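The structure appears below as structure tokens.
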Amino acid sequence: MAYTYLLHQIAPRDHKPPVTTAPLGERDDMRRAEAMLQEADKLGCRAFVSPDDVVNGYYKLNLAFVANLFNHYPALDDPTEPVQIIEETREEKTYRNWMNSLGVSPYVNHLYSDLCDGLVIFQLYDHIKPGLVNWTQVHKTFNKLKINFEKLENCNYAIELGKKIKFSLVGIGGEDILEGNQTLTLALVWQLMRAYTLSVLTSLSQRSSPITEKEIVEWVNNKLQQAGKKTFIKSFQDSSISDGHVIIDLIDALSPGSINYKLVRDGSTDDERMANATYAVSMARKIGARIYALPEDIVEVKPKMVMTVFATLMTKEFQKK
């Protein structure tokens, strides 16, 4: 109920479609949570939680949901003093949202400055491969006289661990993370997100060997074929992904009848492709897939983000088993 009131309060009064308090009329907890998330979806803020997460009060996921609401609709009074605005790319926002959904501490507000001491990176390694980080080697607090040196030692250790689990980190040193080198930090962060996604898949599949991207592509095509769909992909760079049809069909294959095909456009124009991609992301989240990519990533066929979409849908399939 609190989320319903919060959404109604922070939504702009002229927002179309309007955000309502209709979910309060649902007596069943799960249906009320789903109705509330549909209201959140009107604001583009459905990410991170499923109805089950809301009802059961999973702390980290609910924290990420609320933080995302605040980032998009803070509903604060205008500042009385000049404020420095830090521009953020879609890619940076996606990575930051992913980290925060895992409950890292401190909360990541700015991708580069908040990673420069290595502490968040070590927490991500712990999610990917528990026990990898030897925390006795990590500076958790810093001596004011040695702060830069101790942060550099952390960053060097973070790079060392990445190489240990076969990350491609040629030309990347601890000083690059410490100094917030955007290109090189993003190179490390993408590999962290990819490794995490694949590690979750491998764990759920109860296999000893890691699942590969090729196997994800094969799984996608097999699921589509089994469901009688005509769509398929050759790789995560396949231009056909742009119209959203293959993701929509895969969602329907995983949850038959979940897709209202009357809402699916042909995809022959930019607007139609964006509408399909937005619908695909919304429906993927509705069936419980933790999608971090944005509709724009699908339309523009960003291979890294596209891989995470299919991987999280594959994760959802394994969770059902």
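Can you pull out every residue in the range 156-188 that is on the phi > 0 side of the Ramachandran plot and open to solvent by less than 40 Å² (accessible area, probe 1.4 Å)? It would help to see each step written out before you state the result.
Going residue by residue through the range 156-188, those that are on the phi > 0 side of the Ramachandran plot are 166, 171, 180.
Passing the criteria: only 180.
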Quiz item: Applying the selection to the range 193-237, what residues are without any contact (Cβ under 8 Å) to a residue 60 or more places away in the chain, under 27 Å from residue 257 (Cα atoms) and assigned to a helix (DSSP H, G or I)?
Solution: 215, 218, 221, 222, 224, 225, 226
Exercise. Filter the range 85-121 down to residues that are more than 11 Å from the chain's Cα centre (by Cα) and of a type in the set (Val, Ile, Thr) and give me whichever is nearest to residue 281 (Cα to Cα).
Key: 89
Quiz item: Checking residue 265 against (1) part of a helix (DSSP H, G or I); (2) modelled with pLDDT of 95 or more, which test does it fail?
Solution: (1)
Quiz item: Would you pick out the residues in the range 98-115 that are in contact (Cβ under 8 Å) with a residue 24 or more places away in the chain, under 18 Å from residue 190 (Cβ atoms) and surrounded by fewer than 20 Cβ atoms within 10 Å (Cβ to Cβ)?
Solution: 102, 110, 112
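The values are calculated or read from the model by the stated rules, or taken from the named source; none is laboratory data. Only a predicted model underlies this, so the values are computations on that prediction, with no experimental measurement involved. Ideal geometry is used to build each Cβ from the backbone, glycine not excepted, and the neighbour counts take in all protein chains shown. Please note that ligands, DNA and RNA were not included when accessible areas were found on the heavy atoms of the full protein model with its side chains. Shrake-Rupley method; radii C 1.70, N 1.55, O 1.52, S 1.80 Å.
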